[in-house]
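Structure first, then comments.
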Amino acid sequence: MLYTSFIIGLPTFLTTVTGTFVVPINSSSTALTLSSGSSRFFYQDDDLSIHEVSTLISPANGIYADVSLVPGNIVRENTPLACLVWPASAEDFGVVFLFFISAGNQLYQWTWLDGTGWKAGTLNFHDVYVAPGTTFLCTIASSATDSETARIEYLNPAGNACEVLATGGHWSEECY
């Protein structure tokens with residue numbers, strides 16, 4: 001297995017020395033960066049779990065944390081990952097959505113709520129399935145209209161391009 005490594009400063013509650021975390025080279029990943037420079041990077045590890053690497057205070061101080069977020073028994077091997085911050089114009093990570101494909105080819109969502117932390121999201125219960133083996137998954141957030149809209153694009157089992165739309169807290173699905 002090939003790996004790529006990143007040199008980081010570990011969070012002070014763990015240690016104050018510089019450390020390294022290793023990401024499998026064939027791992028899927030996705031990231032968010034705000035205008036403040038704060039960032040979140042997600043990747044799938046060898047044990048199939050999804051990890052989050054995030055700046056804790058400021059990217060300038062080089063302090064990061066690597067946390068196992070989603071257990072590997074839920075996640076499909078080589079799942080594509082996609083994420084977005086809500087609303088699209090946000091200046092902090094008040095609400096973050098992470099999307100991935102489950103071992104059963106179902107589209108899953110995990111949600112970060114500021115002050116609450118990570119939890120499985122409501123999309124998990126909508127029976128949205130993707131094409132087995134698909135490597136396509138993306139997100140688009142828009143605040144250009146009167147209401148915030150998030151789009152999660154994927155291929156369904158029939159191979160059609162589909163999207164799940166979230167508007168005003170309601171989910172809908174369209175295929176083309």
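Read-outs: derived from the displayed coordinates by stated rules, not from any lab. Because the structure is predicted, anything quoted here is derived from the model rather than measured. Here Cβ is always computed from backbone atoms with ideal geometry, including for glycine, and neighbour counts include all displayed protein chains.
Of note:
- For the pair Trp118 and Ser68, the difference between a 0.36 nm per residue extended length and the Cα-Cα distance amounts to 16.9 nm.
- Relative exposure of Phe99, Phe125, Phe93, judged by other C-beta atoms within 10 Å (fewest first): Phe125, Phe93, Phe99
- Across segment 135-141, computed HN-Hα scalar couplings (Karplus, 6.51 cos²θ - 1.76 cosθ + 1.60, θ = phi - 60°) run 10, 9, 7, 8, 10, 9, 10 Hz from first to last residue, x flagging Gly and Pro.
- Residue order for Ile74, Ile152, fewest other beta carbons within 10 angstrom first, comes to Ile74, Ile152.
- Residues whose amide H comes within less than 5 Å of that of Ser49, counting only those at least five positions distant or on another chain, are Gly72 (H built at 1.01 Å from N in the peptide plane).
- Sorted fewest first by neighbouring Cβ atoms within 10 angstrom, His51, His170, His126 come out as His170, His126, His51.
- A simple rule links phi to the HN-Hα coupling: the Karplus curve 6.51 cos²θ - 1.76 cosθ + 1.60 with θ = phi - 60°, which for segment 111-120 gives 10, 9, 10, 4, x, 10, x, 7, 7, 4 Hz, with x for Gly and Pro.
- Between Thr134 and any residue 5 or more places off or on another chain, the built amide H atoms are never under 5 Å apart.
- Under Karplus coefficients 6.51, -1.76 and 1.60, residue-wise ³J(HN,Hα) of segment 42-55 in Hz, glycine/proline x: 10, 8, 9, 8, 4, 7, 6, 5, 9, 9, 10, 10, 9, 6
- The H on the amide N of Arg76, modeled in the peptide plane, is under 5 Å from the matching H of Ile101, Ser102, Ala103, each at least 5 residues off or on a different chain.
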